[in-house]
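Accompanying notes for the structure given below.
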Amino acid sequence: MGKFKFGVNLWGAENRENWVAKCRRAEALGYDVISVPDHLGSGRNAPFPALTMAAAVTQRPRVGTLVSNVPFYNFALFARDVVTTVKMTGDRLDLGLGSGHMKSEFDDAGLPWIPAKERIEYLTKGLDHLREQFVAEGITPPPLLLAGNSDGVLSLAAREADIAGFSGLRQAPGKAPGTFQLDDAERMDERVAFFQSRTNGRNPELNVLVQRVVVADDQRAAAAAWREEVKDEDGLDVDALLETPQLLFGTVAEIVRQLQERRERYGFSYITVFEPMMETFAPVVKELSGQ
């Protein structure tokens, strides 16, 4: 079982100075990885230029996409961007790839929303193209993170990834595409077991993307408040929310214990939080760094 590693997923920046400050703050707080998502919308950074700057203005953290939406891209153009970023970051890039899950973003980009099976096939072909390009350029491939929740993506990750990312989110039944609900602890058990059954003796690092961190004296009240905030009346109850590994509620000591228990249960040693929780989660990073 690996030592803990901590990442922060930074969403965007108003300008150069703001981005530099965020990246340096993440490094100062002890985060091991600065990642950038691949989403459309106001204030969102293009991943590879942002990561290149993040590497240039920091010394220690790795940088990575979490994750690049491969069906957005032409293979040749995407491979050029990846190869350039590997070079410009001094081999500090962790390449996170996914098959896309937001229909609205495909609509905004003027791209067809193809079935999940076809998006995963496109992701697989894109990975093959990238590897061919690494060979052609004489570049050592960066560590590969594949993230998702479906059988198809987790099977691909089990075969190919250095890091497997577990989102713990699934399409909400009967809701519009892109409306998600959290898996509970038992469903996450099943997803991890499914993945492990297909690794064929490989031992990839396991990452979980935490959706919310609340440091509070009263765990149950914090979980109930979150449930009310997101209007999750049809989702998990408070007891289930306290158990699911995508959420962290409690004192720093309680959250430390939760992460230790969940590493034992699921194998999650690489923990990523979203930018709004960067400061809140920092005392936990400090407590568990190197363990």
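Remarks
- Using Cβ point charges alone (K and R +1, D and E -1), the dipole size of the chain about the Cα centre works out to roughly 840 debye.
- Lysines whose Cα lies under 24 Å from that of residue 22, excluding same-chain neighbours fewer than 8 positions away: 5, 87, 286
- Helical runs assigned H by DSSP (4 residues or longer) give the chain a calculated mean residue ellipticity at 222 nm of -14000 deg cm²/dmol, each run adding -39500 (n - 2.57) before division by the residue total.
- On the basis of the beta-carbon distance and an R0 of 22 Å, residue 88 and residue 39 show a calculated FRET efficiency of 0.50.
- If R0 is taken as 51 Å, the Cβ-Cβ distance between residue 203 and residue 104 corresponds to a FRET efficiency of 0.90.
- Counting only DSSP beta bridges whose two residues both lie in the chain, roughly 10 percent are antiparallel.
- Considering only 13, 46, 23, and ranking their Cα positions along the charge dipole of segment 1-51 that arises from unit charges at the beta-carbon of Lys, Arg, Asp and Glu, the one farthest toward the positive end is 23.
- Surface composition of segment 80-120: carbon plus sulfur atoms contribute 54% of the solvent-accessible area (1.4 Å probe, protein chains only, all chains present).
- Of the trypsin sites (Lys or Arg not before Pro) in segment 90-176, the ones in a loop by DSSP (not H, G, I, E or B) with at most 15 other beta carbons within 10 Å are 175.
- Percent accessible area from carbon and sulfur atoms, segment 246-291, protein chains only, probe 1.4 Å: 48 percent
- Here the spin labels are modelled as points 7 Å beyond Cα on the Cα-Cβ line, and at residue 181 and residue 1 they lie 3.1 nm apart.
- Charge sum, other residues only, whose C-beta stays under 12 Å from residue 105's C-beta, Lys/Arg counted +1 and Asp/Glu -1: -1
- Taken about its Cα centre, segment 1-89 carries a charge dipole of about 240 debye when Lys and Arg each add +1 at the Cβ and Asp and Glu each add -1 at the Cβ.
- Separation of alpha-carbon centers, segment 62-77 and segment 114-128, rounded to whole Å: 13 Å
- Net charge of Cβ neighbours under 11 Å - reference residue 39; Lys, Arg +1; Asp, Glu -1: -2
- A simple spin-label model places pseudo-atoms 7 Å from Cα toward Cβ; at residue 189 and residue 264 they are separated by 1.5 nm.
- Qualifying GluC sites (Glu not before Pro) for segment 223-291 [loop in DSSP, other Cβ within 10 Å: at most 12]: 233
- Part-to-part distance (alpha-carbon centres) for segment 164-243 and segment 6-36, which is given in Å: 24 Å
- Dipole magnitude of segment 189-291 about its Cα centre (Cβ charges: Lys, Arg +1; Asp, Glu -1), debye to nearest 20: 580 debye
- Sparsely packed chymotrypsin sites (Phe, Trp or Tyr not before Pro) within segment 212-291, loop by DSSP, other Cβ within 10 Å at most 15: none
The values are calculated or read from the model by the stated rules, or taken from the named source; none is laboratory data. The structure displayed is predicted, hence computed values, not measured ones. Heads up, the Cβs are rebuilt from the backbone with ideal geometry, glycines too, and the neighbour counts pull from every protein chain shown. SASA here: full protein model, heavy atoms, side chains in, ligands and nucleic acids out. Shrake-Rupley method; radii C 1.70, N 1.55, O 1.52, S 1.80 Å.
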